[in-house]
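Beneath this line is the structure, given in structure tokens, with notes to follow.
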Amino acid sequence: MIALLLVLWQALAWMVGDVAMRTPLQTMTFTANLLTSPSFWPHLAETGRAFGLALLLAVVIGLAIGFLLGINRFASDVLEPVLVALYSIPKITLYPILLLMFGLGVAAKVAFGTIHGVIPIALFTLAAVRNVRPVFVKTGRVMGLGTGRMISGILLPAAMPEIFTGLRVGFSLTLIGTLLGEMFASQRGLGFMLMNAIGLHNVDVIMALTFLLVLFAGSASGLLLFLNRRLYQRA
Amino acid sequence: RAEDIVVSNYGVSANGMPFAVALKKGFFKDEGADVTGILSSAGGGTTLRNMLAGSAPYAEVNPNAVIAAIQQGADIKIVSDNVLTVAEFVWAVKPDSPIQSPKDLKGRKFGYTNPRSTSLALATLVVQSGGLKTEDVEMVKTGGFGEGIPALDLGMIDVAPIPEPLWSKYQSKYRAIARAADLLPPIANVVGVAAGGQSAAKEDFVRAVIRARRKAVDFMRQNPDEAGDIVAEAYNLEQDVARNSVRYLVNATTDGIQYWGTGQIHLEGLNRAIEVQKMVGAISGDIDAKSIVDTRFLPDDIKAMK
Amino acid sequence: MTSIMTTSKPITPTRTPSAPGAAQVSLRGVDKEFIRPGRSGETVHALGPIDLDLRRGEFFAVVGPSGCGKSTLLELVAGLSTATRGDVTFEGKPIHNRIPDGVGVVFQEDASFPWLSVRENIAFGLRRIKIDPKERERRIENALAMMGLTSFAHSFPAQLSGGMRQRVCIARTLVTEPRLILLDEPFGALDQQTRLLMGDEVLNLWRKTGATVFLITHALDEAAMLADRIGVMSARPGRLIDIVETGWPRDRDSRIVQEEAFGAITARLWRSLRAESMKAIGKPEVEP
Amino acid sequence: MTSIMTTSKPITPTRTPSAPGAAQVSLRGVDKEFIRPGRSGETVHALGPIDLDLRRGEFFAVVGPSGCGKSTLLELVAGLSTATRGDVTFEGKPIHNRIPDGVGVVFQEDASFPWLSVRENIAFGLRRIKIDPKERERRIENALAMMGLTSFAHSFPAQLSGGMRQRVCIARTLVTEPRLILLDEPFGALDQQTRLLMGDEVLNLWRKTGATVFLITHALDEAAMLADRIGVMSARPGRLIDIVETGWPRDRDSRIVQEEAFGAITARLWRSLRAESMKAIGKPEVEP
Amino acid sequence: MTPKKRAALWRIALLVGAVGGLEILCLSGHIDRLTMQPPHRIVMDLVALLAGGELNGAIAKTLRNAALAFVIAMVAGVSFAVLLHYLRSLRDMLDPVFATYYAIPMFAFYPLLIVLFGLGDTPQIFIGAMLAVVAVIVNTLNGLDRIPRVLLKTARVNQLSAWDTARLVMLPCAAPHILTGAKLAVAYSLIGIIGAEFIMSTGGMGYEISFAYMNFDNAKMYPLILLILLVSIAINTLLAKWEKILMARRGLS
Ligand SMILES: Nc1ncnc2c1ncn2[C@@H]1O[C@H](COP(=O)(O)OP(=O)(O)OP(=O)(O)O)[C@@H](O)[C@H]1O
Ligand SMILES: Nc1ncnc2c1ncn2[C@@H]1O[C@H](COP(=O)(O)OP(=O)(O)OP(=O)(O)O)[C@@H](O)[C@H]1O
Ligand SMILES: [Mg+2]
Ligand SMILES: [Mg+2]
């Protein structure tokens, strides 16, 4: 798989030429250079911080909304269409408004990452909780479980595999949201570097950053996928 | 007091280079301004909105954003004239291209970034300098300067605008057919802005920033190579590219006017900028350049407008 | 083995009876109406009126055509829903939308939790019960053994067959040592032969625990083979139209299917039910 | 109604026999092995060896414990898979991984297309058959009528009950006017009483079309009530361990359940099967 | 009143409340004019903008490109999904790619796309289509996986060719899932096109919004944002209606 991708990449690089692309080897050498240069780390740390915070917020808020609406049929009847509508709008158009609200800085990036990630997590959780087989809930009631135990003992584990799928999507979208936020306006971060690199037509940096991001997202997503499969295997 | 300042396209365009130098050489501190960070944003509007939101007392932006903001009722004034010419612009072709000068542009594909942008305005002037009308050439938008380079390389456009420091990086690969420094009159390019009604402490901060920047510009003139090395680091450029770029811009004078100004206001250039932006439709209405300028932050020796 | 034509009584009730001779569960004039979803206000008369007494320790089965309200009846006794009219009492106390202690329920659908091992599933039944760890272990081991699951304690439900999973659910109920076990078509999803064999296990369990068993099923043979008494329900709204005493001995097993009396009971059930069944499917319902 | 203890023959075969007296379907030394998924090369012996002749126009049922290879057997006859060893012929011609014309199949699971109306579902069965539009209409109307679906022609499957949907699938097969109808537990998903009543319809259909019916079921009562002959299969690898002739008259219906002979047949089937069933579930399978 | 209708009423009430609140905040000056116009002004500006017609070109360009990206994504996505459905090993290989896909900053490839596709609208359409296609593939595959085996057996029994099986059985059966994919594809092609316009400044509504933002032109920015919201919500509502009919017919939900 990886070999195939590399071959495709190499072939494309030869086809396109030097103006817009680098070969895998060149990219990796440059990536290594980048990783050893001290000026790179503050950017990485900045993005990492913003992304981590955004992801945390997205997960916590998303799960809360998902569970609330999943349990309360009426609230979900009212709000689910709103969530779906929000999911489908190009959020980048809202970025100016976010900037107006949060100013240029970490807060706006975090907010932008969060609004990208929170809705899919909420929607998946909502569906997962609602799809918990009624017989499980009945079993809980027959055992006289209260709401808290019902959630922790039955709803959460039963809905876990689907929630995980939502987390995976949410993870990806939060990352891209954070990066987009940095690309549009910021002073540090990988998105900022990427935007500058595009502005300066610095193909090396573009390739190396994209490579790093894909690598990071790929391994994180792979890990989540692996955990997800484990969860599904039991079910 | 620790404050951020906002500089449009810092890290990409040449206009912000003096700030990199001032920061690195500690000029801000020397002058009494504790600048903690230089925020960058892609456009003047974002820069201004951030400044207005109270996160920065001083910003460096292009004049048309300032004018648009003032027209919308924002309480801001131009407090320093930072980049006085458009000398960073070079229009280049592939080495083997038959185009030698703007006169040969008839029927050619002429690149610019996006609608209503400065690059379009300047492109128009370049075409006119070759004795042609805009209808005589095919204007092609590329989306950005970076994107213009592969487009030129692949022959999708015949002429690409390449500003510094991009030009220093690619000058060996392409051939310049027009340089703004030679062709175009001085046009105010980037100005310093501050909001009205700030506290006295912030006003002092603005003054200090202007002084520090002036010092940095002087320093760059004296030590272009050291300045280049500082820029290389801040802009993530190769050393020789950055040195080259600084040297080029330090030496580029248009009608005797430097690229990086001291801060002193050049009304003529400002008026010309307004004209040019009106030409491409980026701004509209009557604007009195004098009424949007406030010179009280400038050092006494350059308070007078030129 | 011969069939004895008298009702056999439980030999040793292992737990204290509340009032000797009294019915353990009793329903009086019980009716259930549902509000039809989607349409405003319209109600569906799902069940009743029902009058029924379950004797302590007996095995009582209910058969009826599909949709006649069997599950509704069970949910009323389980405290999962409340009667529109009438009273339901368990050991003298009225049941009010809450399951009484001492009652266990096993549903038709597989209700084993796929995220827990067999042992953890069974332990889950003890969640709300406060007992010391030793007693806990003892009960779990007992339940595992009784349901033949000891060697699968650490398996997950996905690794078991459908029948085994239902055994897990039964075991999860058994650990609470219920005095009344409610079974809603617990083997409805299994094939007939497996079902008959699972019946053997339920009989075994019933004998060992001395609990009262209330079984709902649509399978005539299952009812005929397992129960002491069989209540036959009409098409919706379900009423009891017949109560058949089987008169099987207490230590019966699935071999009674081969007996003549078995055929006779099945035949009698089918006579009562055929017309009702045709009523039930005659006009195919548009609702799901 | 009384049961006649001789094998009843079809009275009027409506379609041309290929060779009078010969078996319509015949299996000789048929074996089926599967390659176990996941493990390299290991095979599962699912079925056989089987020797069996289906007589033209008879109603033949197969019962057997779960997983014994009943569906595998049916798929061999339907040409949906090929035997590992042995020969399967239909009307004298070998069946080669392709369904022969004149054979219709109805599966256990609901196979109605939810995106087509009842009428369109039924018309789908005629796709492979070239006939003029008038004949087409006639056949569809006939099938609708025979299955009691005329007033539901424009409904969608979701609006029908499970039993009705199976009738749609049967009708979809009927329009091809099959000479052999293969039924793989067609009512397995329905409850027992509905199933007995659906049995009446299958009997009706069998009488009206004169086709041979090959029914697979795990329900002893269904087999006992419907079939002329019942093949009893052993646990996997499935072999025929008994063939029971029921001797019912051709115009029987579900009321024969109430007859004594019915109990006797069921008892005989259960005697043959109980041990096999226990074998089948005794070691619970780890495979799904 | 049915619960559904009651929920809809509540939703509308909530929306009206939110807009009303915004209106009050704006009118009372808690949100200043430079930041945001009051909602009624935005609507009026939108009407004026559409009537004036000066941005019709940009609007048409964006919608046309999004539509093109959507169509490409649907056709390519469904065909590719059917292919993958049969090629198990290729699918196993691509699964992790699908999972990672949305984390890749597609816009970083813009220079590369210019090289491959030229300077016209093609690179943006490509970005839009690339964003949308994975949603289509994943959902179509999901739908194909859930086709009951018995329906495929029925196809065989009816002697359908591979092409007919795909056309008459597999795709209709997977239709609800494909529709879910289509809904996402609409969203993603709009997001891709507008995002590209926004970041790469290549004209169209996205560029107009960012340009208006840069130039403090709230009279253009907010109406355009509102327009995009309206368009994407309208398309989605339409598709949801269609989906509901389809699902109701199949007795689902
Ligand atoms: N929550 C509910 N709301 C409205 N109607 C209901 C509800 N629950 C059950 N019903 C209706 O009440 C009737 C009886 O339902 P119930 O599930 O008790 O029947 P059943 O005898 O258990 O059927 P089955 O044999 O299918 O299990 C049915 O017609 C059903 O449609
Ligand atoms: N495609 C296959 N690959 C491997 N093993 C198979 C396959 N199909 C069936 N088997 C195995 O062959 C045996 C017989 O299967 P079959 O489905 O014919 O049984 P059955 O009698 O129809 O069972 P049921 O009563 O559950 O319908 C089973 O043990 C099954 O696991
Ligand atoms: Mg029920
Ligand atoms: Mg089978």
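The values are calculated or read from the model by the stated rules, or taken from the named source; none is laboratory data. Note that the structure is a prediction, hence the values are computed from the model and not measured. For neighbour counting, all protein chains shown are included, and Cβ atoms are generated from backbone atoms with ideal geometry for every residue, glycine included. For the accessible areas, the whole protein counts, side chains as well, though only heavy atoms, and no ligand, DNA or RNA atoms are used. Shrake-Rupley method; radii C 1.70, N 1.55, O 1.52, S 1.80 Å.
Things to note:
- When region C:173-183 is filtered for residues that are open to solvent by less than 10 Å² (accessible area, probe 1.4 Å) and closer than 23 Å to C:S117 by Cβ, the ones remaining, listed by number, are C:V175, C:P178.
- Matching residues, region D:145-185, being farther than 25 Å from D:L54 by Cα, polar (S, T, N, Q) and more than 11 Å from every other protein chain (Cβ to nearest Cβ): D:T150
- The condition (being under 30 Å from D:T173 (Cα atoms), surrounded by fewer than 24 Cβ atoms within 10 Å (Cβ to Cβ) and of a type in the set (A, V, I, L, M)) is satisfied by just one residue among E:L90, E:L84, E:L151, E:L116: E:L151.
- Across region B:154-166, the number of residues qualifying as closer than 11 Å to B:V93 by Cβ and open to solvent by 10 Å² or more (accessible area, probe 1.4 Å) comes to 2.
- Criterion applied to C:T89, C:T150, C:T84 was being over 23 Å from the mean Cα position of the chain (by Cα) and of a type in the set (S, T, N, Q), and the one residue passing it is C:T150.
- Condition met for D:Q159 (of a type outside the set (K, R) and within 16 Å of ligand 4 (Cβ to nearest atom)): no
- So D:D251, is it modelled with pLDDT of 80 or more, open to solvent by 20 Å² or more (accessible area, probe 1.4 Å) and part of a loop (DSSP other than H, G, I, E, B): yes
- Only a single criterion out of (1) at pLDDT 85 or above; (2) within 30 Å of B:G73 (Cβ to Cβ); (3) open to solvent by less than 20 Å² (accessible area, probe 1.4 Å) is not satisfied by E:A185, namely (2).
- Index of the failed condition, D:G104 passing every other in (1) within 11 Å of another protein chain (Cβ to nearest Cβ); (2) open to solvent by 10 Å² or more (accessible area, probe 1.4 Å); (3) assigned to a strand (DSSP E or B); (4) small (G, A, S): (2)
- Check on D:P186, buried (at least 21 other Cβ atoms within 10 Å of the Cβ), assigned by TED's automatic domain parsing to the domain that holds D:G79 and within 24 Å of the chain's Cα centre (by Cα): yes
- In region A:1-40, the qualifying residues are those that are loosely packed, with under 13 Cβ neighbours inside 10 Å, touching a Leu at 6+ places or on another chain (Cβ under 9 Å) and in a helix (DSSP H, G or I), and the one that is nearest to the other protein chains (Cβ to nearest Cβ) is A:M15.
- Residue tally, condition in contact (Cβ under 8 Å) with a residue 40 or more places away in the chain and over 16 Å from C:E33 (Cβ atoms), over region C:43-69: 15
- Flag for A:P120 being surrounded by 24 or more Cβ atoms within 10 Å (Cβ to Cβ), within 12 Å of chain E (Cβ to nearest Cβ), at pLDDT below 85 and under 27 Å from E:I235 (Cα atoms): no
- Top-ranked residue of region C:76-91 - restricted to ones that are within 16 Å of ligand 3 (Cβ to nearest atom) and surrounded by fewer than 22 Cβ atoms within 10 Å (Cβ to Cβ), ranked as farthest from the other protein chains (Cβ to nearest Cβ): C:S81
- C:F152 being within 16 Å of ligand 3 (Cβ to nearest atom), free of Cβ contacts under 8 Å to residues at least 60 places away in the same chain and under 27 Å from D:R274 (Cα atoms): no
- For region B:13-115, the helices (runs of 4 or more DSSP H) that sit wholly inside it and include 1 or more residues that are modelled with pLDDT under 80 and crowded, with 20+ Cβ neighbours inside 10 Å are B:44-50.
- Any pair with Cβ under 7 angstrom, 6 or more apart, that starts in region C:173-189 at a residue that is in contact (Cβ under 8 Å) with a residue 24 or more places away in the chain and ends at one that is more than 12 Å from ligand 1 (Cβ to nearest atom) and basic (K, R): C:V175/C:R139; C:R179/C:R15; C:F187/C:R195
- One residue stands out in region C:114-141 among those that are within 24 Å of the chain's Cα centre (by Cα) and free of Cβ contacts under 8 Å to residues at least 24 places away in the same chain: the one that is farthest from the other protein chains (Cβ to nearest Cβ), namely C:E141.
- Subset tally (residues that are in a strand (DSSP E or B) and within 14 Å of ligand 3 (Cβ to nearest atom)) for region C:215-233: 4
- Residue satisfying all of: in region D:210-241; farther than 16 Å from D:L180 by Cα and basic (K, R); surrounded by the fewest Cβ atoms within 10 Å (Cβ to Cβ) among these: D:R239
- Tally, over region E:121-148, of residues that are surrounded by fewer than 17 Cβ atoms within 10 Å (Cβ to Cβ) and either part of a helix (DSSP H, G or I) or touching a Pro at 6+ places or on another chain (Cβ under 6 Å) (or both): 3
- So D:G67, is it more than 16 Å from ligand 3 (Cβ to nearest atom), modelled with pLDDT of 85 or more, in a loop (DSSP other than H, G, I, E, B) and more than 14 Å from chain E (Cβ to nearest Cβ): no
- Residue within region A:83-101 that is buried (at least 21 other Cβ atoms within 10 Å of the Cβ), in a loop (DSSP other than H, G, I, E, B) and not hydroxyl-bearing (S, T, Y) present: yes
- Any chance E:L168 is more than 14 Å from chain A (Cβ to nearest Cβ), aliphatic (A, V, I, L, M), open to solvent by 20 Å² or more (accessible area, probe 1.4 Å) and out of contact with any Pro (no Cβ under 9 Å at 6 or more places or on another chain): yes
- Restricting region C:49-81 to residues that are small (G, A, S) and within 22 Å of D:Q193 (Cα to Cα), the residue that is farthest from ligand 2 (Cβ to nearest atom) is C:G69.
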